[in-house]
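What follows is a short report on a single structure.
The values are calculated or read from the model by the stated rules, or taken from the named source; none is laboratory data. Everything numeric here is computed off the predicted structure, so don't read it as measured data. With ideal geometry, Cβ positions are generated from the backbone for all residues, glycine too; neighbour counts draw on all protein chains shown.
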Amino acid sequence: MKFSIKIIYVFAIVCVFGFGSATAKNSDLTEEMKESLVHLSISAYAYEVTQPWKHRDPWENTGYACAVGEYEVLTTAWNVAEAAFIKVRIYGQNEFVPAKIKICDYETNMCLLELDKEAMDKPLVPLKFYEKYEKGAEVQSYWLSSGGHLTMGRGYLDRAEVNRATASFAEGLEYIIGNTSHTQARARVYCIDDKAIGIASWSKGGNKETGLIPAERINRFLKDAHDGQYDGVGVAGFRMKDLIDPAMRGYLKMPTDIKHGVYVSKVYTLGTGSDILKKGDVILAVDGNSINPYGRYLHKDYDRIALEHIISSHQAGEEITFTVFRDGKKTDLTAEAKNFKADDMLVPFYGYDKQPEYIVTAGFVFQKLTRNYLMQWGGDWQGKVPPHLNHYYRDMSFMPNDERRDIVILSFVLPDDVNQGYHRLGRIVVSKFNGMEIRSIGDILTAKQMNPESKYDVIEFEQDYPAVVISRQELQAVDKKISQLYGIGKLMHIEKD
């Protein structure tokens, strides 16, 4: 009995000291981080989506950032979306420091802010980000609170995967932190021991997970931002489908000894590979990395990971090699890494920091179809929006062409005597205005000048909706009345090409 007690006692001592050693290994950088972390206070405003001549009520947002230069800080693009004014709290300084956006890339979800050096007591101490991945390692997070206090959290590095950016359609590498002690993200800095490895881009409180933008992406962004011309990174210009069905492989006439490769189910008109890939190609390798039937490859650090990681690892303009199976043989194709912005899309994914485009004539409100517009249907909006509008978003967003740059819709009608009989029209796609095919919303301005001898403007729609006929007689006076009645300061807003 005494022998058993001694064994238990010794085991307990070993456990306690073992835990203490493990804890000591993980540095507490709270003191060192004081000169490198800042808190952001953001004043933001935007326009109403369905009444784009009106401002929404302004709101306040907060976030975090870290020094990457003496007067530069890094945060996420999502933190500063729709920002009108940004001010920064620095540890030990009572006065806020104004900041302005230097580069904001929603596709990588990173933003570089420049601080007003004249308002700072002293320069910041830049952090260095280390490209360090240790699966299962304990990590620490650091941030400066709104009250100016350094705070610390913990978690562990669970895995690496490719995810869509919080603020955009683009996909990139993320580290997933599990069992986080604090589930708010907002660009908190995460470290392994004394090495910064990334900033937080999102968090999920339910499963206590946080996604990190890792050092390899941060360092690439900063290098690009400081080389005199910001190019951004490659974005995939195609869609893939798993190729695990032997019958499908047989249909494609693939040799039985080729077991790998993923099927190209759609090729866009935007993005990397859009100019060299074809629907029906089988991507066997990218830059020499063999691609499995699920679209993944074996990475030396991350295990199996999606091939989009290779594309987003290239700066726009760099070459990427695709090895494809096409027409019964292997072919190497060289593509240029390309990216694009939401404005280039047929149905833009976002419209941050700008006023939506619109035209109001005789009470008819014409707008560009955007994802923001569709999201007005609320949660699970894709199952609620009119099917023809969802078709353009789901199937055609990445496929603009010379014949169509925008999807222009009659959003709704502001009731007036001049538009009687049309009051219930809305959410329908414009095909022609005065006989002119509408390829972008700006075309309506050109079309309104056509047929000057006619007494009417005639608008035609898709899906066999009846045409709308607007009398041109006293239209200028009618528009002025509608403008005053509905509080529309400007009857149109069109961006110049």
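Summary of values
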quantity: Failed condition for K496, given (1) assigned to a helix (DSSP H, G or I); (2) out of contact with any Ser or Thr (no Cβ under 7 Å at 6 or more places or on another chain); calculated: (1)
quantity: Which listed residue, of S471, S483, S454, is over 36 Å from the mean Cα position of the chain (by Cα), over 10 Å from N434 (Cβ atoms) and of a type in the set (S, T, Y); calculated: S471
quantity: For I86: the one exception among (1) assigned to a strand (DSSP E or B); (2) in contact (Cβ under 8 Å) with a residue 40 or more places away in the chain; (3) farther than 30 Å from K490 by Cα; calculated: (3)
quantity: Residue, surrounded by the fewest Cβ atoms within 10 Å (Cβ to Cβ), within region 329-385, restricted to residues that are of a type in the set (S, T, N, Q) and out of contact with any Gly (no Cβ under 7 Å at 6 or more places or on another chain); calculated: T334
quantity: Any hit, region 370-379, residues being in contact with an Asp or Glu (Cβ under 7 Å, 6 or more places away or on another chain) and on the phi < 0 side of the Ramachandran plot; calculated: no
quantity: Selection count, region 176-223, where residues are closer than 20 Å to G234 by Cβ, surrounded by 24 or more Cβ atoms within 10 Å (Cβ to Cβ) and of a type in the set (S, T, N, Q); calculated: 1
quantity: Residue match in region 466-480 (condition: assigned by TED's automatic domain parsing to the domain that holds Q367, surrounded by 15 or more Cβ atoms within 10 Å (Cβ to Cβ) and within 18 Å of K368 (Cβ to Cβ)); calculated: no
quantity: Options N94, N79; residue that is closer than 18 Å to L37 by Cα and at pLDDT below 95; calculated: N94
quantity: Helices (runs of 4 or more DSSP H) within region 197-314 that include 1 or more residues closer than 30 Å to A67 by Cβ and basic (K, R); calculated: 215-225
quantity: Strands (runs of 3 or more DSSP E) wholly inside region 37-82 containing at least 3 residues that are farther than 19 Å from A119 by Cα and outside the structural domain of G378 (by TED's automatic domain parsing); calculated: 59-69
